[in-house]
Amino acid sequence: MSDFDSGDSSVDVNGDGVADDVIVEQHTDGTETMIVDTDHDGVADMVMVDTDGDGVANEVFYDTDGDGRLDTEVVDSNGDGTADTVYADRNGDGHVDLVGRDTDGDGNVDQVVADQNYDGTADTYAVDSNGDGTLDQVGVDRDENGSIDAVATDTDGDGTLDTVHYSDGVSDPDDPTLNPFAR
């Protein structure tokens, strides 16, 4: 993960051409934590953690919105050097409200689960059901009762959701709740 001894250093970690403030903590068990301040404000913008001592970060935490809080976690749980799960707190309340997973190990997100209204309960999911790298099925709990009641599917494989099934029999293909990435 680093070529530094424990302590403070400056190196361009994010590739923008400007040296970033870096603190490296090497532990006796071989694990390592690298704290990076890319904007030199004294607050961590990124924290990389090597939990198994192999020199590759297994967890990376980011402050994606610049508010001083680490709100996104990227996890490499199997140690292959690629992210397989992403956790995000999009509204800054300290609770995860978006999870993305690479379930088949191909490097593409295959499953997204979101809490669109930030009430603590997942109400939207999206999946890549055929492994082609495109999220081709979206389910939504429109009435917030804990059950998915609308599912949109890309039935012809063109990348566009074109069939909507509702559990209540109502059909509205322009339903904005079928967008799992809307804020």
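Every number here is computed from the coordinates shown, using simple stated rules; none is lab data. It should be emphasised that the depicted structure is a prediction, and the values quoted were computed from it without experimental measurement. Every residue, glycine among them, receives a Cβ derived from its backbone with ideal geometry; neighbour counts consider all protein chains shown.
Tell me, what HN-Hα J-couplings in whole Hz come from the Karplus equation 6.51 cos²θ - 1.76 cosθ + 1.60 at θ = phi - 60° for each residue of region 62-67, using x for Gly and Pro? Once rounded to whole Hz, the list reads 10, 9, 7, 10, x, 8. If I build a Gaussian network model for the chain, linking alpha-carbon pairs within less than 10 angstrom, which residue out of 22, 13, 109 has the largest mean-square fluctuation? Among 22, 13, 109, the largest mean-square fluctuation in the Gaussian network model of the chain belongs to 13. Is region 1-83 rounded, prolate or oblate when judged by the Cα gyration tensor, a ≥ b ≥ c being the square roots of its eigenvalues, rounded requiring a/c under 1.5 and prolate requiring a/b larger than b/c? Note, shape of region 1-83 comes out oblate. Along the charge dipole of region 39-167, which of 56, 137, 107 sits closest to the positive end, that is, farthest toward it, with unit charges on the beta carbon of Lys, Arg, Asp and Glu (+1, +1, -1, -1)? The listed residue farthest towards the positive side: 137. Cβ-Cβ distance of residue 39 and residue 132, R₀ of 41 Å, FRET efficiency by 1/(1 + (r/R0)^6): the value works out to about 0.60. Each Lys and Arg Cβ is given +1 and each Asp and Glu Cβ -1; about its Cα centre, the chain then shows a dipole of about 300 debye.
Extending each Cα 7 Å along its Cβ direction at residue 93 and residue 147, get the distance between those two points in nm, one decimal. My value for the distance between the label points is 2.5 nm. Think of the chain as a dipole: +1 on every Lys or Arg Cβ, -1 on every Asp or Glu Cβ, centred on the Cα centre; then among 19, 34, 98, 98 lies furthest on the positive end. Loop sites by DSSP among the chymotrypsin sites (Phe, Trp or Tyr not before Pro) of the chain, restricted to those with at most 16 other Cβ atoms within 10 angstrom, leave 5-117 as the longest stretch without any of them. The candidate values were (1) 125; (2) 158; (3) 141; the one computed from these coordinates for volume of the Cα convex hull per residue in Å³ carries the label (3).
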